[in-house]
Amino acid sequence: MKKIINPRFLLDGMLGSLASWLRICGYDSVYYVDMNDDALLVEAIKENRILLTRDKQLHERCKKYNVTSIYILGNSIVEKLGYLDNKLGIALTPSSSRCSQCNSEIKPIKKESIKNQVPVNSYMHYDEFWVCESCGKIFWKGSHWNKILETLNLVQRGCE
């Protein structure tokens, strides 16, 4: 599969974790827990999205209807992201993240404006915060940040 610039993804119900990781890396990734295969196909066509699935039959149906799909291999998130990177050559960096919960864009927000919306320790120890324009979730580079970077580094080392 050739490199696709700014791919938009649709993930089936078996790939929720992958959807979150793709969002962290800035990719528009829609995820449905309980959508049936027919509806997923219609949505992929209507929204011009690449369907990511672990369902071999759904992947075969996509071929039949000329829907771009990728049958995701691997068990761990590192393996799944690495497989997708090998297939598409996508950048896996958290430089322009989306909301990991709802997929909307996140924007920087002034620290003072979220004082009572984050844990006191986080407010005291961090200076940069982002807010989801849609669901209002607030993000910061807390202790989990190093784990995110470590995971993405593992993916890159495996793909080189």
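For Rg and Dmax of the Cα atoms in Å, the choices are (1) 19.2, 62; (2) 14.9, 41; (3) 17.0, 55; which was calculated from the structure?
(3)
What does the C-alpha gyration tensor say about the overall shape of region 9-96? Classify as rounded when a/c is under 1.5, otherwise prolate if a/b is larger than b/c, or oblate.
Note, shape of region 9-96 comes out prolate.
Past 21 Å, Cα to Cα, is the threshold; run Lys80/Lys141; Lys87/Lys147; Lys107/Lys137; Lys80/Lys137; Lys87/Lys107; Lys56/Lys147 against it and keep the listed order.
Violating the 21 Å limit, Cα to Cα: Lys80/Lys141; Lys87/Lys147; Lys80/Lys137; Lys87/Lys107; Lys56/Lys147.
How large is ³J(HN,Hα), in whole Hz, for each residue of region 138-152 in order, when computed from phi with the Karplus curve 6.51 cos²θ - 1.76 cosθ + 1.60 and θ = phi - 60°, using x for Gly and Pro?
9, 10, 7, 7, x, 4, 6, 4, 5, 5, 4, 5, 4, 4, 5
For region 82-91, in order, what is each residue's ³J(HN,Hα) by Karplus, 6.51 cos²θ - 1.76 cosθ + 1.60 with θ = phi - 60°, in whole Hz (x at glycine and Pro)?
In residue order, the calculated couplings are x, 4, 5, 4, 5, 6, 10, x, 7, 7 Hz.
Scan around Arg49 for amide H atoms under 5 Å from its own, H built in the peptide plane at 1.01 Å from N, and keep only partners 5 or more places away or cross-chain.
none
With an 8 Å Cα cut-off and a minimum separation of 6 or more residues, compute the relative contact order for the chain in percent.
Values: 243 pairs, mean separation 35.3, N = 160.
Relative contact order, the chain: 22 percent.
Given +1 on the Cβ of Lys and Arg, -1 on the Cβ of Asp and Glu, and no further charges, what dipole in debye does region 9-96 carry about its Cα centre, rounded to the nearest 20?
220
Starting from the amide H of Tyr31, placed 1.01 Å from N in the peptide plane, find each other amide H under 5 Å away whose residue is 5 or more places distant or on another chain.
Leu11
None of the figures in this text is laboratory data; all of them are computed from the coordinates on show. This structure is a prediction, so every number in the text was calculated from the model and none was measured. As a convention, Cβ positions derive from the backbone with ideal geometry for all residues, glycine included, and neighbour counts pool all protein chains shown.
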